[in-house]
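Accompanying notes for the structure given below.
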Amino acid sequence: MRTDEWQEVAELIYHSTNSWYTTNGKETIFKGPPADTILFCQVYEDLDPGCCLIAQCKETGKIAGCCFYHPRKTHVSLGIMNVSPDFFGQGIARNLLTKIIQIAEDQSLPVRLVSSAQNLDSFSLYTRQGFSPTQAFQDMYLEVPEDGFHYEISTEFEMRNAQLNDVEEMVALEKRLCHIERAKDFEYFIENKRGIWNTVVCRDTNGTLLGFLGSVDHPASRMIGPGVAENEQVTKELLATLLDRFRGKCPVFLLPVTAKEAVHTAYSWGARNCEIHFSQCCGENQPPDGIVMPTFMPETG
């Protein structure tokens, strides 16, 4: 993808995504103008310049498909993939995916992603290419009151905004619990040059890091994640802290279906389900040892 193609790619992401949801009787994901989805180009080029593959129609020059990817030390994360409705059924997504798998294989790395359980075309695309589901997540949304989310944080924990000097411990915690490593993502969130990120850390009274959680607040994506936690209690404290920062808004977050206590607590707060997603992996994978909250901005696998 070239810089002068950002607007066309943003419009492709907008129309392709919304088209799938409306065709399948669902509400559109992107509510504002197509220009909002320029966010994907901005953030992904900030993090990984040059890591977006384009499929272009030779006859018209129109961009028919695109896919972002995020190379990391331990894996390659598959970013958002879109194909124009005008080019459905022509193998574009399969070819883009094949190229990214090859990029990962050349580095002997697995490819990770989070995909919709409701989009069976997408699910089949990945599993046919060798991906296997590793964990299921409930996509939940919650309308936060204008006056905030009132939840009393336990005195067992210290909650505060993440700082750059927390990154080393954040990386070590995620490596131990989830077996992946992505320091530059955390640095990017904490530096927050675009003014859309929040990241909090949770420590015990001895100062030991127990978990962290990020969020993005932008018209194209209001979502809590990514994050990891030692247990469900830490997950609830982190989630409650970030929900309060979406006053008068309606963020989405993903909880593992196996995190029963956290899920039922979210229900008690007024959260509702909107979709189911699977984490998937092509290549070697180790199951997580803690609670994982993935996100789609940026995709975290």
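Within the straight-line cut-off of under 20 Å between alpha carbons, the lysines reachable from residue 58 are 99, sequence neighbours fewer than 8 places apart in one chain being disregarded.
Compared with the direct C-alpha span, the chain from residue 154 to residue 136 gains 3.6 nm at full extension, assuming 0.36 nm per residue.
Relative to the longest principal axis of the Cα atoms of the chain, helix 38-47 runs at roughly 70 degrees.
With K and R counted +1 and D and E -1, the other residues having a Cβ less than 13 Å from that of residue 119 yield a net charge of -2. Taking a straight Cα-Cα cut-off under 30 Å and skipping sequence neighbours fewer than 8 places away in the same chain, the lysines within cross-link reach of residue 249 are 26, 31, 184, 193, 236, 260. Computed from the C-beta positions of residue 90 and residue 172, the FRET efficiency with R₀ = 35 Å rounds to 0.20. Remark: the stretch 255-261, residue by residue, has Karplus-estimated 3J(HN,Hα) of 10, x, 4, 7, 7, 4, 5 Hz, where x stands for each Gly or Pro and the curve is 6.51 cos²θ - 1.76 cosθ + 1.60 at θ = phi - 60°. For residue 135, the residues 5 or more places off, or on other chains, whose built amide H falls under 5 Å of its own are 279. Spatial offset of the stretch 33-83 relative to the stretch 195-239 amounts to 26 Å, using the alpha carbon center of each.
The charge dipole of the chain, taken about the Cα centre with unit charges on the Cβ atoms of Lys, Arg (+1) and Asp, Glu (-1), comes to about 620 debye, rounded to the nearest 20. Coupling constants for the stretch 221-227 follow from the phi torsions by the Karplus curve (6.51 cos²θ - 1.76 cosθ + 1.60, θ = phi - 60°), and in residue order they are 6, 10, 8, 9, x, x, x Hz; glycine and proline get x. The relative contact order of the chain comes to 23 percent, based on Cα pairs under 8 Å that sit 6 or more residues apart. You can think of it this way: the chain between residue 117 and residue 193 has 24.0 nm of extra reach, that is 0.36 nm per residue less the Cα-Cα gap. In terms of its C-alpha gyration tensor, the stretch 140-293 comes out rounded, because the ratio a/c of the largest to the smallest axis stays below 1.5. Amide hydrogen proximity for residue 162: with H placed 1.01 Å from N in the peptide plane, the residues at 5 or more positions away or on another chain lying under 5 Å are 199, 200, 201. Charged side chains reduced to their Cβ positions (Lys and Arg at +1, Asp and Glu at -1) give the stretch 140-293 a dipole of some 460 debye around its Cα centre.
No lab work stands behind these numbers, since they all come straight from the coordinates. Computed from a predicted structure; not experimentally measured. In this analysis, Cβ positions are derived from the backbone assuming ideal geometry, glycine residues included, and neighbour counts consider all displayed protein chains.
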